[in-house]
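J.: Mind having a look at this structure? Questions to follow.
The values are calculated or read from the model by the stated rules, or taken from the named source; none is laboratory data. All values derive from a computational prediction rather than experimental measurement. Here Cβ is always computed from backbone atoms with ideal geometry, including for glycine, and neighbour counts include all displayed protein chains. The accessibility values were calculated without ligands, DNA or RNA, using every heavy atom of the protein model including side chains. Shrake-Rupley method; radii C 1.70, N 1.55, O 1.52, S 1.80 Å.
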Amino acid sequence: EQCVPHCDYLSMQCGDDGCGGNCGSCGDTMCNEDVGRCVQVVGTEWAGSGSEIGKSELVSMGMGCRGSHCSEVQLVQMGISVDGSVYMESPWISDNVGKRYFWQKGQQADGLAADCPEGMAVSWIECQGKKCDNLRFYCAKPLNWIVDLAAEAVVTDWFSEEAEGRRDCPAKHVVVGMECQKSKAIWNGCIKSCADYCDNKRLRCRPILPEKSGSANRGVLTQSDLPANVTSIPWVAGDDDNSHFFSISSSKQKTVGAAALLCWALAAW
C-alpha cells in the first residue's frame, strides 16, 4: 500500500511527513517538528527600573540583557499564545533578600529565585529598584500546549550584558523560572564584579508538548498575527548545545506557593 504524506491533510509546514520525507523548511524561523509548524522567534520591548514589558500574551523561551549590571531586560519569545485570561504573579527576586543596606527604601526581594506554578510558563516581566535590581514575572498557560512536567527541568548558565547578553532555553523548551546570583558584600572583601543588582541571571526551562498538530493548534501564530509590541529576532540555534545547561530534579525545583501568588482575570485588558 502506498504511503500518503500527511502534510496537506494536517496543514503541516515542516517536520516528518510520515512517509520518510519532509513537509518543508522554515528558513531562518524555528521549526517545531512536534506540531509541524514554523514558530516565530521575537523579542519584547526592553524594560528598566520602574517599568514593565508590555503584555504580548506569548510564551517566553529566553532573556536578553543590556546596560550596566543588566539594567534593562528583554524576553525572547516564541510565537505561541498563552491563555491571557489568567496570570500568576511571582514574588520579587534579586541578588539578596530584604534590605542589603539599612538606608534602602522601597520594595525588597523575597528570594533569589522563583518558579511558575505547574503547567504555566513566563509571559512578561517587570523591574524595580536601581538598575533593575528587583524582578518579578508573570506566568500563564500556553494555548494548546502542555508544559511537560515528566521531563527533567534544565537550568541555563549564568548570563549578563557581557558577551552576547542573551540566553535561550534549549529548543522546544520554555522559561518556567528565574534566578539571581547571590551578591557578595563589601565587608566580605568584594570590591568589583560582586553580582550586585541581580547582574547575573539564569533561567529554568521545561519542554512543551502540543495538544494538537498542524493548523488545528490555535496557539501557534503566523507572523501577521503577532502583536505589534514585539520584533522578530534571530533564533539562536546554537543554544541547543548541552554545555549551556544542567538538569535539576523536580524535587529540587521550588515552585512558588499559591499563597504568594496573585491571580487576576485580565479578560478586559
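J.: Does residue 26 qualify as being at negative phi and not in a loop (DSSP other than H, G, I, E, B)?
T.: Numbers: at negative phi: yes; not in a loop (DSSP other than H, G, I, E, B): no.
No: the conditions fail for residue 26.
J.: Within segment 89-129, take every residue that is at pLDDT below 85 and touching a helix residue (DSSP H, G or I) at 6+ places or on another chain (Cβ under 8 Å) and give me the one that is least open to solvent (accessible area, probe 1.4 Å).
T.: Among residues in segment 89-129 that are at pLDDT below 85 and touching a helix residue (DSSP H, G or I) at 6+ places or on another chain (Cβ under 8 Å), the one least open to solvent (accessible area, probe 1.4 Å) is 95.
J.: While we're looking at this one, here's another question. Go through segment 156-187 and report how many residues are of a type in the set (Val, Ile, Thr), under 23 Å from residue 235 (Cα atoms) and at pLDDT below 95.
T.: So the count comes out to 1.
J.: Which residue pairs have Cβ atoms closer than 8 Å, lie 6 or more positions apart in sequence or on different chains, and pair a first residue in segment 209-222 that is acidic (Asp, Glu) with a second residue that is open to solvent by 50 Å² or more (accessible area, probe 1.4 Å)?
T.: Listed by first residue and then by second, the contacts come to 211/146.
J.: Here is a further query. Which of the residues that make up segment 131-163 are more than 17 Å from residue 181 (Cβ to Cβ) and among the acidic types (Asp, Glu)?
T.: Correct list: 148, 152.
J.: Scan segment 1-15 for residues that are over 8 Å from residue 214 (Cβ atoms), surrounded by 21 or more Cβ atoms within 10 Å (Cβ to Cβ) and of a type in the set (A, V, I, L, M, F, W, C) and jot them down.
T.: 7, 14
J.: Taking the residues in segment 57-83 that are modelled with pLDDT of 95 or more, more than 10 Å from the chain's Cα centre (by Cα) and small (Gly, Ala, Ser) as candidates, determine which candidate is nearest to residue 230 (Cα to Cα).
T.: The qualifying residue nearest to residue 230 (Cα to Cα) is 79.
J.: Let me ask another. Please work out if residue 42 is at pLDDT 95 or above and not aromatic (Phe, Trp, Tyr).
T.: It is true that residue 42 is at pLDDT 95 or above and not aromatic (Phe, Trp, Tyr).
J.: Follow-up. Looking at segment 25-40, which of its residues are touching an Asp or Glu at 6+ places or on another chain (Cβ under 9 Å) and either surrounded by fewer than 21 Cβ atoms within 10 Å (Cβ to Cβ) or without any contact (Cβ under 8 Å) to a residue 12 or more places away in the chain (or both)?
T.: Correct list: 33 only.
J.: Looking at segment 50-83, which of the residues that are closer than 24 Å to residue 157 by Cα and of a type in the set (S, T, N, Q) is surrounded by the most Cβ atoms within 10 Å (Cβ to Cβ)?
T.: It comes out as 77.
J.: A follow-up question, please. Name the pairs: first residue in segment 127-140 and at positive phi and in contact (Cβ under 8 Å) with a residue 60 or more places away in the chain, second residue among the charged types (D, E, K, R) and surrounded by 24 or more Cβ atoms within 10 Å (Cβ to Cβ), Cβ to Cβ under 9 Å, at least 6 apart or on different chains?
T.: That search, which allows pairs on different chains as well, returns 131/199.
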